[in-house]
Structures are given as C-alpha cells and as structure tokens.
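The values are calculated or read from the model by the stated rules, or taken from the named source; none is laboratory data. None of the values given here were measured: they were computed from a predicted structure. Neighbour counts are summed over all protein chains in view; Cβ atoms, including those assigned to glycine, are modelled from backbone coordinates with ideal geometry.
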Amino acid sequence: MSRAGFVLAGGRSSRMGSDKALLPFAGRALVLHVADLVAASAGSVTLIGSPERYGSLGLPLLPDLRPGEGPLAGIEAALHAASADWNLVVACDMPRLSLPLLEGLFEVAEASGADAVVPCAASGRLEPLCTVWRDRCLAAVSEALDRGERRVSVVLDRVGALRWRSPDSEAFTNVNTPADWTAINHG
C-alpha cells in the first residue's frame, strides 16, 4: 500500500504569540523536525500552509483550500492532493513525535479495514492531529466543512476511525503557549 505524509502548518499560533512552526528546535524550525519524521515514515512530506510564510523552507507546500477554517480544512487540502492509499496528517507542533510511533501507526492502519486510524491515550483521549487517513475520507471531511463543522473528532466518528492505543501518549504533547514551549525545552 502506498503512503504519503502531510504536516499542518496553517494555524494562527495566537496563544504562542509567534509562529509555532518556525520555533527553533534541535537547531532548526520545529516544522522541519516534524516533517523529517513524517517523511521517514511515509516516504514523502508536504506542508499544508501559507506559501508566503513557509515557501523558503524548501519543502513541497500546498495552501489550505479554506484558509482560516482550522485543522480540518488543512486535512481537506491534504486529502484533496493525496494520491496514496494511506495519508498521515500531523500538526507541526508535536516535537516529541518519534519515528517508531509513526511507523506503528501506519502498520496498524495497513493491517486494518478502517478508513482512518487515530491514536488515543490510555485515558481514551484522541489525538486527531496525528491520524492516518484513506484518501476516500475526503468526501466526509468536505461535507463536514460545508456544514460548518470544524471538529476533526466529528469526522473521525463519521468515518468509523479505528482508535489505536498509543504506546507513548507523551509523543503527542503539543506546544500552544510560551509555557508549553519552556516545558518541552527544559523538561
């Protein structure tokens, strides 16, 4: 089965006060760190975000089809461009992701009959911004956006996503505020 990877970098980063994707992490922009992991697991990576903001990063880039409509719109742009059977879509603000975790997610997806596989913590909390989607989920994503729905979890329920208990729920720690960023860098 074919794989593709996408990194969402289209958020406003309003709580952070600066662009999360461009925060320095391990000597380079955070989005590049995440993109490297996605590319290693999926065989390719494309950023979803502003060409003006991220065009200089040297990665394939697609704009949101519905700017300002949140992560679900970024997922729509990824699935619209997808030509692979399985498409990993990850937010740019998860510095603790690991290659073994992403590879495990793909392996579960490829062995399942599901249309999407979403990791969840032991508590049952979903991590919808690190999900593997079949390209055929595009219709459900677009229909939800057309109805004004912006929650990824609603679409995951609609397509009957398989919930995969992640062996490492810390991997999904994201950075939304300066305090989160300090904790990641000093924790």
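Which condition does A161 not pass, out of (1) touching a helix residue (DSSP H, G or I) at 6+ places or on another chain (Cβ under 7 Å); (2) crowded, with 21+ Cβ neighbours inside 10 Å, if it passes all the others?
(1)
Which pairs turn up if I take residues in segment 119-143 that are touching a residue at least 24 places away in the same chain (Cβ under 8 Å) and look for partners that are of a type in the set (D, E) and buried (at least 18 other Cβ atoms within 10 Å of the Cβ) with beta carbon separation below 6 Å, at least 6 apart in sequence or on another chain?
These pairs meet every condition: P119/E127; R134/D115; C137/D115; V141/E76; S142/E76.
State whether the residues of segment 128-147 include one that is in contact with a Ser or Thr (Cβ under 6 Å, 6 or more places away or on another chain) and crowded, with 18+ Cβ neighbours inside 10 Å. Quick ask: steps written out before the conclusion?
Initially, segment 128-147 is screened for residues in contact with a Ser or Thr (Cβ under 6 Å, 6 or more places away or on another chain), giving 128.
Among the residues that remain, those that are also crowded, with 18+ Cβ neighbours inside 10 Å are: 128.
Scanning segment 128-147, I find at least one residue that is in contact with a Ser or Thr (Cβ under 6 Å, 6 or more places away or on another chain) and crowded, with 18+ Cβ neighbours inside 10 Å, so the answer is yes.
The rows are residues; the columns are (1) of a type outside the set (K, R); (2) at pLDDT below 95; (3) farther than 22 Å from V108 by Cβ; (4) touching a Gly at 6+ places or on another chain (Cβ under 6 Å).
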site: R3; (1), (2), (3), (4): no, no, no, yes
site: G43; (1), (2), (3), (4): yes, no, no, no
site: P60; (1), (2), (3), (4): yes, no, yes, no
site: L72; (1), (2), (3), (4): yes, no, yes, no
site: D93; (1), (2), (3), (4): yes, yes, yes, no
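Just one of (1) buried (at least 23 other Cβ atoms within 10 Å of the Cβ); (2) not in a strand (DSSP E or B) trips up P119, so point out which.
Result: P119 fails condition (2) only.
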